[in-house]
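Take a look at the structure below.
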């Protein structure tokens with residue numbers, strides 16, 4: 001796992017100014033300490049107020065720094081409530097009223113601790129005198145926050161120790177703070193590379209080594225190796241792929257065609273997108289303040305998601321206008337809104353299907369900027385649409401529920417939640433949804449099967465199984481379709497007739513696309 005900078009906040013230490021006579025650095029003896037003994041070497045009565053070094057536990061801060069408290073609260077919500085960090089973090093930042101600088105620090109600390117959890121826990125296991133599972137979960141989360149500051153941020157060691165111990169004192173208790181202080185001191189004895197070298201010494205399995213080095217579960221490392229080969233890439237790219245998962249991603253924005261604009265966002269420091277039209281990359285902080293976000297005409301959406309939606313909208317179909325399009329798995333509505341905007345000029349009507357009412361409401365909110373007569377939200381099981389409306393749609397998007405292994409850089413907690421068994425559980429649903437889409441599309445129409453995962457079991461395996469007894473369908477060149485809508489030149493994402501985007505190659509989530517045309 002590569003270290004990352006502290007988003008401009010790495011030097012913040014939160015320490016009080018030192019009093020005269022206090023030590024600098026990491027807690028060596030105070031200046032003038034040799035004068036505290038008499039000629040026989042006995043310690044004199046110093047009188048007055050005692051002087052403590054920065055390392056003295058009794059002198060550590062007893063308050064929780066707000067930015068570190070935010071990170072701690074998010075990690076606790078993720079661990080205890082199965083929350084998603086990207087949903088909890090903004091609310092916690094607002095609750096504690098962090099300014100832009102502290103919000104950036106809290107964001108880096110939160111996501112960095114989550115991404116690095118595998119490696120950090122391996123380090124902690126060397127420094128704690130008991131199994132990590134025996135620790136209070138809250139203490140373990142605090143330790144992870146401390147380790148990330150020590151090993152991967154530009155936070156001085158004394159500040160990382162002082163502030164983490166202060167956090168523990170304030171929100172957990174004085175007793176655990178002594179343990180945290182002792183453990184983090186052991187961690188601070190080496191830098192990140194030194195710890196990684198120690199962890200992998202004597203190991204020969206490249207999967208295990210990559211797992212410890214890049215903080216991914218071994219089964220995901222193995223799956224990525226296989227996916228690279230399956231999609232025609234060199235297995236030597238594995239380290240780059242895993243490293244890209246650990247890099248803090250930029251926020252990708254899209255202005256809905258004909259409705260939104262990027263002008264003010266670009267004036268605010270955003271960079272024009274390099275792959276998708278009407279897109280931008282933003283690293284300026286709180287996106288809620290950006291013009292267009294509140295009205296929904298400017299949206300947060302990964303460029304990979306933008307490209308697969310545009311590819312479906314642009315591919316040639318044999319139909320009469322106006323067309324009917326179906327987003328079979330629409331929630332929360334990002335791709336639906338982009339599809340609807342792309343179809344406005346030709347009078348397209350988009351049906352957005354979502355089985356869960358509260359997610360259906362998110363789809364309605366996403367579609368607010370579009371004319372109401374141009375879309376319909378259907379609340380129901382997507383597996384029923386093909387039987388209920390056979391041959392009714394010209395374009396069908398199946399953004400299938402999947403493990404999300406392609407978006408681990410944006411949802412780092414998912415790498416620790418997902419299990420290989422999830423693939424088995426999701427496989428029938430993915431096949432049933434694609435089968436429903438194949439039934440729902442009209443002759444001459446096209447189905448796009450999309451997943452945010454490069455895993456073979458969720459991509460080509462699903463498509464191949466569903467087409468085995470469907471001779472009326474042909475596969476289109478999905479790589480060429482992506483190239484046709486990209487502004488960045490050939491993406492080299494195609495392999496065979498499917499396409500796979502990659503974080504380390506394209507700077508997007510690992511989106512998979514297959515395009516299937518019904519010929520009769």
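Please treat every number below as a calculation from the coordinates, not as lab data. Everything numeric in this text was worked out from a predicted model, so none of it was measured. Because the Cβ atoms are built from the backbone with ideal geometry, glycine has one as well, and the counts that use them run over all protein chains shown.
Side notes on the structure shown:
- The stretch 453-510-the stretch 276-333 distance, computed between alpha-carbon centres (Å): 18 Å
- Prolate/oblate/rounded call for the stretch 251-300, Cα gyration tensor, a/c under 1.5 rounded: oblate
- Whole-Å distance, taken between Cα centres, linking the stretch 233-258 and the stretch 73-91: 23 Å
- The residues 134, 186, when put in order of fewest to most other Cβ atoms within 10 Å, stand as 134, 186.
- Overall form of the stretch 303-518 per C-alpha gyration tensor (a/c, 1.5; a/b vs b/c): rounded
- Burial order of peptide ranges 426-439, 227-240, 142-155 (average beta-carbon count within 10 Å, highest first): 142-155, 426-439, 227-240
- Of the peptides 382-388, 337-343, the order by per-residue mean of other Cβ atoms within 10 Å, starting with the highest, comes out as 337-343, 382-388.
- Under the criterion of Cα pairs below 8 Å and six or more residues apart, the relative contact order for the chain equals 13 percent.
- Peptides 489-501, 359-371, 390-402, 192-204 ranked from most to least packed, by the mean per-residue count of other Cβ atoms within 10 Å: 390-402, 489-501, 359-371, 192-204.
- DSSP finds beta bridges in the stretch 303-518, and of those with both partners inside it, around 45 percent are antiparallel.
- Helix-only [θ]222 nm of the chain, DSSP H runs n ≥ 4, -39500 (n - 2.57) each, per residue, nearest 500: -13000 deg cm²/dmol
- Per-pair calculated FRET efficiency, R0 = 25 Å: residue 389 and residue 417 via Cβ, rounded to 0.05: 0.10
- Computed lengthening from residue 321 to residue 368, 0.36 nm per intervening residue step minus Cα-Cα distance: 14.6 nm
- Separation between Cα centres of the stretch 376-428 and the stretch 164-190, rounded to whole Å: 42 Å
- FRET E, pair residue 100, residue 239, Förster distance 30 Å, beta-carbon r, rounded to 0.05: 0.35
- A crude spin-label estimate for the pair residue 83 and residue 267, with each label 7 Å from Cα along the Cβ direction, gives 3.6 nm.
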